[in-house]
Structures are given as structure tokens and as C-alpha cells.
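Asker: Right, I'll just put the structure down here and ask away after.
Every read-out reported here was derived from the displayed coordinates using simple, explicitly stated rules and does not represent laboratory data. Since the structure is predicted, the reported quantities are computational estimates derived from the model, not experimental observations. Every residue, glycine as well, gets a Cβ built from its backbone with ideal geometry; the counts of neighbours run over all protein chains shown.
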């Protein structure tokens with residue numbers, strides 16, 4: 001028996017609001033993030049903006065004992081990078097900023113890559129292909145499709161460009177809790193896995209590596225890095241399965257057509 005929570009129209013409206021607010025956070029951060037900032041300064045800015053400007057709650061703060069409002073994952077960091085007062089963004093860095101926001105009991109989750117200054121062509125390609133792979137997965141979403149369809153589309157696109165898909169971490173259902181069923185793998189086979197139904201909400205958040213897909217966790221027990229210290233990139237959106245397709249609840253202004 002599946003324990004996936006199908007959202008009602010009223011719940012979807014609340015999730016849509018949380019998603020819109022989270023998109024506003026990234027818009028504010030776009031004008032703020034810069035070479036020389038520490039990742040703790042980014043965290044402090046985002047925390048203040050969510051709490052004082054949007055009157056919402058940074059959902060990651062306090063979750064599983066985590067002390068910050070976001071993850072900041074630079075270069076070889078795959079995910080769960082911890083904000084630091086001594087870690088400054090440098091020219092040529094690529095950094096994933098992963099933020100969760102709760103408003104009126106419902107949570108949105110999204111992440112975006114920022115490219116700082118003179119970024120290498122290899123890093124630009126990895127970032128671009130990862131973004132494309134996320135959208136390849138999103139475009140599979142509709143009632144009666146499967147989670148395997150999503151994973152297959154992401155994996156095929158990433159691997160066709162010579163990159164690897166991280167298998168140790170995945171997307172997830174989301175709503176009143178940050179992590180709900182189902183798990184959303186970023187690899188797989190078409191027609192396999194949970195069948196999608198209208199009202200499901202979950203994240204699609206592929207982590208794509210330049211080299212090996214293998215990862216390791218640093219001594220802080222949070223920060224995940226590539227096993228070979230090559231680059232990693234990630235993008236994420238919160239998705240709703242609609243009556244005949246999908247809606248990206250965390251869609252940002254620059255992504256609207």
C-alpha cells in the first residue's frame with residue numbers, strides 16, 4: 001500500500017503560495033550573491049529575508065538538528081554543504097544554493113546553481129546539462145507516467161554528455177513534511193516504479209557529477225563530496241502532478257515563458 005499523500009485543492013493552493021515565496025527568495029539572492037561573500041553571509045541574508053520580509057519559516061533550520069537555513073555546495077560538493085564564516089566564494093566557483101521554505105504549514109524546496117566570475121567551460125557545460133536533465137525529468141510528469149520515466153530521462157541526458165548521476169541521494173515527496181513518500185530517483189527504467197497520480201507533489205533534484213558517481217561524507221557528517229574531487233552540479237524544483245501534466249510550484253521569473 002502506497003503512503004503517498006495526495007494533496008487536496010486547498011493544500012495545493014498553500015503549496016503554490018510557498019513555492020511562489022521561495023522563488024522570490026532566489027530573486028532577491030540573485031542581486032546579492034557575489035565573489036568574496038562567505039556562505040554564512042548568504043545563509044544569514046536568506047534567513048532574514050524569509051523570516052522578516054516574507055513572514056515565512058526556513059524549513060531546513062532545526063530539521064534533523066541542522067542549524068542553518070540553506071545548503072551551500074561549492075564545486076566538488078554534491079549536496080548538504082554547510083554554511084561557513086570562513087568559506088568565501090571565489091572567482092570561478094560554481095555553487096548550489098538549496099533552500100526550503102514553509103508558509104502556513106506547507107513546504108517548498110528548490111535549488112539553483114550560481115556561477116561566479118570566470119567559470120571554466122567544463123563547469124559551464126556540467127551546470128547546463130544538469131539543468132537540462134532536470135527539465136527532461138520534469139517533462140515526463142503526468143498522471144499514469146511512472147517515477148522510472150523521470151529517472152530514465154534524467155540519466156539518459158546526463159550520460160549522453162559523459163556525466164554520471166549520483167545514486168546515493170534522491171528527490172522526495174513534500175508537503176506538510178519536508179520528506180514524504182515517494183523517493184524520486186534520478187536514474188531508472190521507463191515504465192517502472194510508482195505510478196503518478198493527480199495531486200502528488202514531489203521534488204526533482206538531480207545531482208550530476210563530472211567524473212564518478214560515487215560520493216563520500218566529510219567529517220562534519222553533513223557535507224557530501226565527489227569521491228574523485230571532480231565537480232558536481234544540482235538543480236531542484238518542487239513539482240505538482242496536474243490533471244493532464246505538471247506544474248512547477250517553485251518556478252522562477254527567468255524560467256517563465
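Asker: Quote the Stokes-Einstein diffusion coefficient, in whole µm² s⁻¹, for the chain, based on the Kirkwood radius over alpha carbon pairs, a temperature of 37 °C and a viscosity of 0.692 mPa s.
Answerer: Rounded, D is 181 µm²/s.
Asker: In Å, what is the Rg of the alpha-carbon atoms in region 185-257, and how long is Dmax?
Answerer: Spelled out, the Cα radius of gyration and Dmax of region 185-257 are 15.9, 45 Å.
Asker: A further question on this structure: Ratio of region 105-257's C-alpha Rg to 2.2 N^0.38 Å, to two decimals?
Answerer: Dividing the Cα radius of gyration by 2.2 N^0.38 Å gives 1.03.
Asker: Taking neighbour Cβ counts within 10 Å as the exposure measure, how do 80, 88 sort from fewest upward?
Answerer: 88, 80
Asker: With no solvent and one point on each alpha carbon, what is the Debye value of log10 I(q)/I(0) for region 27-69 at q = 0.22, 0.27 Å⁻¹?
Answerer: Per q value, in the given order, log10 I(q)/I(0) is -0.76, -0.99.
Asker: Given springs between every Cα pair under 10 Å in a Gaussian network model of the chain, which of 199, 188, 162 has the largest fluctuation?
Answerer: 162
Asker: Now, a different point. Any number yet on Rg/Rh for region 1-127, C-alpha, Kirkwood?
Answerer: 1.02
Asker: Another one. Relative contact order, percent, of the chain when contacts are C-alpha pairs under 8 Å separated by at least 6 residues?
Answerer: 23 percent
Asker: Over all directions, the average projected area of the alpha-carbon convex hull for region 157-227 comes to how many nm²?
Answerer: 6.0 nm²
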